[in-house]
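Below you'll find the structure, written out as structure tokens, and then a few comments.
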Amino acid sequence: MGGRTHRVALSTIDGDVVHLHFGRTERFHIVDLDDEDYRVVEARDVDPACRDGSHMAGAFEAVWRVIDDCEAVVVGKIGGPASAFLIDKGVRVFESVGKVDEILGKIIEDKLLDNEGQA
């Protein structure tokens, strides 16, 4: 790996496909990526922020505390309140469904973590 490293949390059960809604995520795979490649660091379990269609008090905060060393999160879908909460914490939010390799390849290729603003 070369260049600046970015830590990213991926909402994926198996580490292969991102397709989960942020509020239903039970596991994040944490990766470090730079301008050429990425490497898997670990998997972290969380209590889902959304249960039975509603958000539990403090649920976004509890999930964020598990991934607070990540500068970005990649999820299949995320609602406005959760997205705003993460952005307020300085976390970049990406919605994308597909293979982890392809999603991270696109983020690296397009230098999305080196750009300002949200993608």
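Out of the residues in the stretch 3-19 that are part of a loop (DSSP other than H, G, I, E, B) and hydroxyl-bearing (S, T, Y), state the one that is surrounded by the most Cβ atoms within 10 Å (Cβ to Cβ).
So the residue we want is T12.
Could you say which residue among D69, D47 is of a type in the set (D, E) and modelled with pLDDT under 95?
Every option except D47 fails the conditions.
Considering only the stretch 6-33, state which residues are under 10 Å from the mean Cα position of the chain (by Cα) and among the basic types (K, R).
Scanning the stretch 6-33 gives a single hit, R7.
Kindly indicate whether any position in the stretch 72-93 is of a type in the set (A, V, I, L, M, F, W, C), surrounded by 13 or more Cβ atoms within 10 Å (Cβ to Cβ) and farther than 26 Å from D114 by Cβ.
No, every residue in the stretch 72-93 fails to be of a type in the set (A, V, I, L, M, F, W, C), surrounded by 13 or more Cβ atoms within 10 Å (Cβ to Cβ) and farther than 26 Å from D114 by Cβ.
Going through the stretch 1-42 one residue at a time, which ones are farther than 13 Å from I107 by Cβ and in contact with a Phe, Trp or Tyr (Cβ under 7 Å, 6 or more places away or on another chain)?
S11
Got a number for residues in the stretch 20-44 being assigned to a strand (DSSP E or B) and at pLDDT below 95?
Selection size over the stretch 20-44: 1.
Quick one: would you say T25 is in contact (Cβ under 8 Å) with a residue 40 or more places away in the chain, hydroxyl-bearing (S, T, Y) and in contact with a Ser or Thr (Cβ under 7 Å, 6 or more places away or on another chain)?
yes
The values are calculated or read from the model by the stated rules, or taken from the named source; none is laboratory data. Everything quoted here is computed from the prediction, not taken from an experiment. As a convention, Cβ positions derive from the backbone with ideal geometry for all residues, glycine included, and neighbour counts pool all protein chains shown.
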